[in-house]
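Colleague: Handing you a structure now.
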Amino acid sequence: MLSERMQTALNQQINEEMYSAYIYLSMAAYFHGLNLDGFANWMRIQYQEETAHAMKFYDYIYERGGDVTLLPIAGPPKTWESPLHVFQEAYNHECKVSGLINELVNLAIEEKDHATLNFLQWFVSEQVEEEASADKIVQSLRLIDGNPAALFMLDREMAQRSPEEDEDEE
Ligand code: FEO
């Protein structure tokens, strides 16, 4: 059985993951608008990953006999200054989410909820990957420094990301 505090915090995290999905979907739309369909593809897969994260929390709450409460999802930003700015913001966002996961871990420790502590370990590892993959693209975009030919090449590379590939990495 989940404590009331733990249940409230896990429900809040469903909302945070859904908001993450919304941000990435908005970033996908931004890239579609720039005709950078490879970047848009990468973002759409990221959107799917975030909804899968939200569903992991959803399923876990039910597994523990709790109640899922869906909260309103805030509107995401719509425009950014450049592709580099998008990925800098994605990286910053993932660092923020890592902080939220750490707070959940702290709460599970406080509540002596070992099952939730164990459940959260997957997210602790996932956040290391999430930060690293966004940062890797920030570094590539810094090197490219707005060069159109190099941006085109990176766009083609980003088009290769597939959901199956992501599952293999897990
Ligand atoms: Fe659900 Fe990108 O962390």
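Colleague: Restricting things to Cα coordinates, could you compute the convex hull volume per residue of the stretch 50-132 in Å³?
Modeller: Working: hull volume 8.7 nm³, N = 83.
Each residue corresponds to 105 Å³ of Cα convex hull volume.
Colleague: Pick out which of 138, 124, 97 has the largest mean-square fluctuation in a Gaussian network model of the chain, springs linking Cα atoms closer than 10 Å.
Modeller: Greatest mean-square fluctuation among the candidates belongs to 124.
Colleague: Take every Cα pair under 8 Å in the chain that's 6+ residues apart, average their separations, divide by the length, and report that relative contact order as a whole percent. Write down the numbers at each step before the final one.
Modeller: Numbers: 162 pairs, mean separation 50.7, N = 170.
Value for the chain: 30 percent.
Colleague: What is the dipole size for the chain, taken about its Cα centre, with +1 at each Lys and Arg Cβ and -1 at each Asp and Glu Cβ, in debye to the nearest 20? Walk me through the intermediate numbers first.
Modeller: Working: 11 positive and 31 negative charges, 105 e Å.
It works out to roughly 500 debye.
Colleague: In 5 Å bins starting at 0, how do the alpha-carbon pair distances of the stretch 95-170 split up by percent?
Modeller: In order of increasing distance, the bins hold 3, 13, 17, 16, 14, 12, 9, 6, 5, 3, 1 percent.
Colleague: Could you tell me what fraction of 2.2 N^0.38 Å the Cα radius of gyration of the chain comes to, as a two-decimal ratio? Kindly include the intermediate steps, with their values, before the conclusion.
Modeller: Working: Rg = 17.2 Å, N = 170, 2.2 N^0.38 = 15.5 Å.
Taking the Cα Rg and dividing by 2.2 N^0.38 Å, one obtains 1.11.
Colleague: So what is the accessible area of the chain per residue, in Å², with the probe set to 1.4 Å?
Modeller: Numbers: 9350 Å² over 170 residues.
That works out to 55 Å² for each residue.
Colleague: Moving on to the next point. Measure off, as a whole percent, the carbon and sulfur share of the 1.4 Å-probe accessible area of the stretch 4-169, all protein chains present. Show your work: numbers first, answer last.
Modeller: Working: 4740 of 9000 Å².
About 53 percent, which is the carbon plus sulfur part of the accessible surface.
Colleague: Can I ask one more? Do the sum for the chain: with -39,500 (n - 2.57) for every DSSP H run of n ≥ 4, divided by all residues, what is the mean residue ellipticity at 222 nm, to the nearest 500 deg cm²/dmol? Intermediate results must be reported in sequence, preceding the final value.
Modeller: Values: 6 runs with 134 residues, N = 170.
Mean residue ellipticity at 222 nm (helix-derived): -27500 deg cm²/dmol.
Colleague: Using Cα positions and a limit of under 28 Å, work out the lysines in reach of residue 136, with same-chain residues fewer than 8 apart set aside.
Modeller: 56, 78, 96
The values are calculated or read from the model by the stated rules, or taken from the named source; none is laboratory data. The structure displayed is predicted, hence computed values, not measured ones. Cβ atoms come from the backbone with ideal geometry, glycine included; neighbour counts cover every protein chain shown. The area values use the complete protein model at the heavy-atom level, side chains included, leaving out ligands, DNA and RNA. Shrake-Rupley method; radii C 1.70, N 1.55, O 1.52, S 1.80 Å.
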